[in-house]
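The values are calculated or read from the model by the stated rules, or taken from the named source; none is laboratory data. These numbers were taken from a predicted model, which means no experiment stands behind them. Quick reminder, even Gly has a Cβ in these numbers, built from the backbone with ideal geometry, and neighbours come from all protein chains shown.
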Amino acid sequence: MRRNITKVGTSMIQPVELANFFAVFFSAASVILFGTAYALLFAWSRVRGRPGLMPLAYLAYACLFASVLVLGFTANLFVNGFWTSIVLLMLVGYLVAPHGIWHLCVQTHEQEHEDEGTSVKVYQQR
């Protein structure tokens, strides 16, 4: 016996249509790949002092942004305000997190070397 249970005042996400399954799958995979590429290119640019890699990092972020939009529309995430805010929070987090982590690492290592009385050259673009 199958029971239909619904809660008043809640809204569920619409299921993904079968025709959109591959778009959801590949856009979700693209989110992972482009997010990784953005973080790696950002870190490589900062650690090795190669500012020419930073535009490639931001290009990877732009691809990540597009992938998230495709994922959001094909997975019906933009029909609910809660999921829309989660998607926007994720996009802001992906953009800001590498910057915050970089500054945290630089300040941590500068503090360690100041305590030891030695100097360290930190490659950082300001």
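A few points about this structure:
- Residue in the stretch 75-83 that is on the phi > 0 side of the Ramachandran plot and of a type outside the set (D, E, K, R) present: yes
- Yes/no for residue 58 being modelled with pLDDT of 85 or more, in contact with a helix residue (DSSP H, G or I) (Cβ under 7 Å, 6 or more places away or on another chain) and not polar (S, T, N, Q): no
- The stretch 15-49, residues that are within 17 Å of residue 78 (Cα to Cα) and outside any helix (DSSP H, G or I): 15, 16, 17
- Residue within the stretch 109-118 that is over 17 Å from residue 27 (Cα atoms), free of Cβ contacts under 8 Å to residues at least 40 places away in the same chain and not in a helix (DSSP H, G or I) present: yes
- Taken residue by residue, the stretch 53-62 has at least one member that is in contact (Cβ under 8 Å) with a residue 40 or more places away in the chain, assigned to a helix (DSSP H, G or I) and either more than 17 Å from residue 30 (Cβ to Cβ) or touching a strand residue (DSSP E or B) at 6+ places or on another chain (Cβ under 6 Å) (or both).
- Unmet requirement for residue 67, which otherwise passes all of (1) surrounded by fewer than 16 Cβ atoms within 10 Å (Cβ to Cβ); (2) within 17 Å of residue 95 (Cα to Cα): (1)
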